[in-house]
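**Q** Below is a structure I'd like to ask you about.
The values are calculated or read from the model by the stated rules, or taken from the named source; none is laboratory data. Keep in mind it's a predicted model, so treat the numbers as computed, not measured. For neighbour counting, all protein chains shown are included, and Cβ atoms are generated from backbone atoms with ideal geometry for every residue, glycine included.
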Amino acid sequence: MAKRKDGIRTQDRILSVACEVFAERGYHDATIEDICTRAKSNIAAINYHFGSKEQLYARVWRRAFDEAIKAYPPEGGLSSQDPPEERLRGAIYSLVGKTVDAGRIGHAGKLLLREMINPTDVIKHVKHDALQPLHERMNNLMRELLGPEASGEQILLCQMSIVHQCIAIGIRLFTGRIPAHMRLDMPSEQLAETLTEHITRFSLAGVKAVREDIRVGRPSAEEATVCADAPQSKIKI
C-alpha cells in the first residue's frame, strides 16, 4: 500500500511539474531532462508511469483542460432549463475565463493557449475528445438562439464568431500584443467579467441580426455566393 501511495505521489508531482514546463516552453522545446530535474525524479520513473514524452504531454494537457473546465464550467454551470441568452453569457464567461484568468487555473490556461496558437499533432485525439462535447453544446445553443430554420452555415459562422472573440484577447495577452491604449491591468476575475459583458452584448446583437435575416428569408452567405456565381444567362431580370 505504501508503494502504491508513493507511486501516486510521484505521478502527481511529475504531472504538476510537466504542466509548468510545457506551459513555459511549449511541447517541442520542453525536455524530459528539465522535467526530471524540477520534479526530482528520473527518466525511468517517467517511462514507467507515462511511457513517453508524447503520452506525458497528453496526460498533462487533459489534466489542465479538466482543471480549467472545473474552474469555468460550460455555460457557466447553468442547466438547459435556463434562458439561452443567459447560457450564452455563461459559455462566453467560461471561454474568456480560461484564457485570461491565470490565478485560478495556474499554468493550465497558458498550456491551453499554447496549443491553440501552435497546435501539435501528438494529442489531436485527446483534444477532439475533450473539445467535441463543448462544440456540440455551443452548436445546440446557437440553434436554440437562431431558431429551427437556421442553416448549418449560419450556426457555424455565429459559433466561430463568438468563440474567436473569446480566445483572441487571451492570445493577445499571452503574446504581449496588447495596444497601449487598452487598459487591461485589472484583476483577472474583473477582466473576465468586463470582457464577458462586452462580448455577450456584441454577440447577442449579431445573433439578433442573423435571426432577422432568417425571418425575412434573406439568403445566407453561402446562398448569396451561389447566386453571384450563377451564369448570367440563367438570371431572370
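**Q** Exactly one of these conditions fails for Arg59: (1) within 27 Å of Thr194 (Cα to Cα); (2) charged (D, E, K, R); (3) surrounded by 13 or more Cβ atoms within 10 Å (Cβ to Cβ). Give me its number.
**A** That leaves (1) as the condition not met.
**Q** Return only the number of the condition from (1) closer than 23 Å to Arg172 by Cα; (2) buried (at least 18 other Cβ atoms within 10 Å of the Cβ); (3) modelled with pLDDT of 90 or more that Pro84 does not satisfy.
**A** Every condition holds for Pro84 apart from (1).
This table checks each residue for (1) in the same structural domain as Val163 (by TED's automatic domain parsing); (2) in contact with a Phe, Trp or Tyr (Cβ under 8 Å, 6 or more places away or on another chain).
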{"site": "Gly7", "(1), (2)": "no, no"}
{"site": "Leu56", "(1), (2)": "no, yes"}
{"site": "Tyr72", "(1), (2)": "yes, yes"}
{"site": "Ser79", "(1), (2)": "yes, no"}
{"site": "Leu88", "(1), (2)": "yes, no"}
{"site": "Ala102", "(1), (2)": "yes, no"}
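**Q** Somewhere in region 183-193, is a residue at pLDDT 90 or above and either surrounded by fewer than 16 Cβ atoms within 10 Å (Cβ to Cβ) or not basic (Lys, Arg) (or both)? Steps first, answer last, please.
**A** Step one: filter region 183-193 for residues at pLDDT 90 or above, giving 193.
Checking which are either surrounded by fewer than 16 Cβ atoms within 10 Å (Cβ to Cβ) or not basic (Lys, Arg) (or both) leaves us with 193.
Yes, there is a match, as at least one residue in region 183-193 is at pLDDT 90 or above and either surrounded by fewer than 16 Cβ atoms within 10 Å (Cβ to Cβ) or not basic (Lys, Arg) (or both).
**Q** In a helix (DSSP H, G or I), in contact with an Asp or Glu (Cβ under 9 Å, 6 or more places away or on another chain), of a type outside the set (Phe, Trp, Tyr) and under 21 Å from Gly109 (Cα atoms), is that true of Arg63?
**A** On the way: in a helix (DSSP H, G or I): yes; in contact with an Asp or Glu (Cβ under 9 Å, 6 or more places away or on another chain): no; of a type outside the set (Phe, Trp, Tyr): yes; under 21 Å from Gly109 (Cα atoms): yes.
No, not satisfied.
**Q** Any chance you could count how many residues in region 74-90 are touching a residue at least 60 places away in the same chain (Cβ under 8 Å) and among the basic types (Lys, Arg)? It would help to see each step written out before you state the result.
**A** In the first step, residues of region 74-90 are kept if they are touching a residue at least 60 places away in the same chain (Cβ under 8 Å); the result is 74-75, 84-85, 88-89.
When the remaining residues are screened for being among the basic types (Lys, Arg), the result is 89.
Residues that pass the stated criteria total 1.
**Q** Could you list all residues from region 79-136 that are assigned to a loop (DSSP other than H, G, I, E, B) and within 21 Å of Leu204 (Cβ to Cβ)?
**A** Within region 79-136, the subset assigned to a loop (DSSP other than H, G, I, E, B) is 79-83, 101, 106, 118-123.
Correct list: Ser79, Ser80, Gln81, Asp82, Pro83.
**Q** Mind listing whichever residues of region 134-164 are polar (S, T, N, Q) and touching a residue at least 60 places away in the same chain (Cβ under 8 Å)?
**A** At the first step, the residues of region 134-164 found to be polar (S, T, N, Q) are 139-140, 151, 154, 159, 161.
Answer for region 134-164, where residues must be polar (S, T, N, Q) and touching a residue at least 60 places away in the same chain (Cβ under 8 Å): Ser151, Gln154.
**Q** Further question: State which residue is surrounded by the fewest Cβ atoms within 10 Å (Cβ to Cβ) when the search covers only region 39-56 and only residues that are under 13 Å from Asp12 (Cα atoms) and within 29 Å of the chain's Cα centre (by Cα).
**A** Step one: list which residues in region 39-56 are under 13 Å from Asp12 (Cα atoms), which gives 39-41, 45-46, 49-50, 56.
Narrowing further to those that are within 29 Å of the chain's Cα centre (by Cα): 39, 46, 49-50, 56.
Numbers: Ala39: 20, Ile46: 22, His49: 17, Phe50: 20, Leu56: 21.
Of everything passing the filter in region 39-56, His49 is surrounded by the fewest Cβ atoms within 10 Å (Cβ to Cβ).
**Q** Only residues in region 104-133 that are within 15 Å of Arg63 (Cα to Cα) count as the first member; pair them with residues that are β-branched (Val, Ile, Thr), Cβ under 8 angstrom, at least 6 apart or cross-chain, and list the lot.
**A** Hits for this filter: Gly109/Thr99; Gly109/Val100; Leu111/Val60; Leu112/Thr99; Leu113/Thr99; Leu113/Ile167; Leu113/Ile171; Glu115/Ile123.
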